[in-house]
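Chemist: Dropping a structure here in structure tokens format, bear with me for questions.
What follows draws every value from the coordinates through simple rules; no lab data is involved. These numbers were taken from a predicted model, which means no experiment stands behind them. Neighbour counts run over all protein chains shown; Cβ positions are idealised from the backbone, glycine included.
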């Protein structure tokens with residue numbers, strides 16, 4: 001490593017991120033001093049200063065933050081969050097396995113556990129139904145082709161059968177029936 005790189009590392013470790021490692025002459029560039037946590041835009045990109053380093057702010061940063069599992073439970077501080085059972089509970093409830101167990105035992109003591117599980121099951125069923133409905137409508141829009149080519153290279157004509165309107169109507173009646181069943185539970 002050369003002297004400039006070593007000096008830059010010393011500056012980063014000591015927190016002097018704006019200190020220069022070399023002196024330039026003959027060119028005067030306007031520099032804006034950024035401090036920790038600053039956010040700015042330059043050439044259609046959003047930048048931020050984190051840990052003394054300039055970084056771009058990605059569109060996926062919020063998604064990464066949402067799926068990131070912390071090293072310890074945010075509720076009780078338990079450091080065992082890397083175990084698969086703790087990860088699963090954090091994804092579902094936002095707390096560790098021990099906190100979920102305590103929460104469920106408090107619900108059982110207060111007599112609200114059955115209501116909680118019914119509500120959880122109902123919301124899971126509604127989410128599943130919504131996903132399947134979206135999948136079906138996507139499939140329905142792609143069935144325009146009447147002929148298909150098989151693995152052997154033969155062209156098969158699959159025309160006939162029910163129209164899109166009939167399929168959509170039948171599916172919607174089934175979905176409405178399922179929704180009524182969910183509401184009655």
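Chemist: Relative to the first principal axis of the alpha-carbon coordinates of the chain, what is the inclination of helix 84-93, with its axis defined by its Cα atoms, in degrees from 0 to 90 and to the nearest 10?
Modeler: Taking the Cα atoms of the chain, the angle to 84-93 is about 80 degrees.
Chemist: Grab the beta carbon distance between residue 9 and residue 62, set R0 = 25 Å, and tell me the FRET efficiency rounded to 0.05.
Modeler: So the FRET efficiency works out to roughly 0.20.
Chemist: Quick one: P(r) of the range 112-185 from all Cα-Cα pairs, 10 Å bins, percents rounded to integers, in order of increasing distance.
Modeler: Going out from 0 Å in 10 Å bins, the range 112-185 shows 15, 33, 24, 16, 9, 3, 0 percent.
Chemist: Any idea what angle helix 97-110 forms with the longest principal axis of the chain, computed on alpha-carbon atoms, 0 to 90 degrees, nearest 10?
Modeler: Once rounded, the angle reads 50 degrees.
Chemist: Give me the extension gain from residue 42 to residue 101: residue separation times 0.36 nm, minus the current Cα-Cα distance, reported in nm with one decimal. Don't jump to the answer; show the numbers that get you there.
Modeler: Numbers: separation 59, 0.36 × 59 = 21.24 nm, distance 4.83 nm.
Between residue 42 and residue 101, full extension yields 16.4 nm more.
Chemist: Calculate for the chain the 222 nm mean residue ellipticity that helices alone would give, adding -39,500 (n - 2.57) per DSSP H run of length 4 or more and normalising by residue count, nearest 500 deg cm²/dmol.
Modeler: Values: 6 runs with 93 residues, N = 185.
Mean residue ellipticity at 222 nm (helix-derived): -16500 deg cm²/dmol.
Chemist: In addition: Among 77-90, 43-56, how do they line up from the highest to the lowest mean number of other beta-carbon atoms within 10 Å?
Modeler: For the peptides 77-90, 43-56, the packing ranking is 77-90, 43-56.
Chemist: For 76, 99, which order do you get if you count the other beta carbons within 10 Å of each Cβ and list the fewest first?
Modeler: 76, 99
Chemist: Between residue 75 and residue 171, what is 0.36 nm times their sequence separation minus the Cα-Cα distance? Round to one decimal in nm. Working shown, then result.
Modeler: Details: separation 96, 0.36 × 96 = 34.56 nm, distance 4.36 nm.
Length difference between fully extended and current span is 30.2 nm.
Chemist: Next question. Inverting the mean 1/r over all pairs of different Cα atoms, compute the Kirkwood radius of the range 69-111 and quote it in Å. Spell out each step's value before the answer.
Modeler: Details: mean 1/r = 0.0971 Å⁻¹.
Taking every pair of different Cα atoms in the range 69-111, averaging 1/r and inverting gives 10.3 Å.
Chemist: Here is a further query. Can you give the angle from 0 to 90° between the axis of helix 3-14 and the longest principal axis of the chain, with both taken from C-alpha atoms, to the nearest 10?
Modeler: Once rounded, the angle reads 70 degrees.
Chemist: Still on this structure: Roughly how many whole Å is it from the C-alpha centroid of the range 56-76 to that of the range 105-121?
Modeler: Computed from Cα coordinates, the inter-centre distance equals 29 Å.
Chemist: Comparing 26, 15, 111, which has the greatest mean-square fluctuation in the GNM of the chain with Cα pairs linked when under 10 Å apart?
Modeler: 26
Chemist: Can you give the Kirkwood hydrodynamic radius of the range 69-174 from its Cα pairs, in Å with one decimal?
Modeler: That comes to 18.4 Å for the range 69-174.
Chemist: With Rg and the Kirkwood Rh both taken from Cα atoms, where does Rg over Rh land for the range 33-75?
Modeler: Value, to two decimals: 1.08.
Chemist: I've got another one for you. Computed from these coordinates, which is Rg/Rh (Cα atoms, Kirkwood Rh): (i) 0.95; (ii) 1.20; (iii) 1.03?
Modeler: Among (i) 0.95; (ii) 1.20; (iii) 1.03, the one derived from this structure is (ii).
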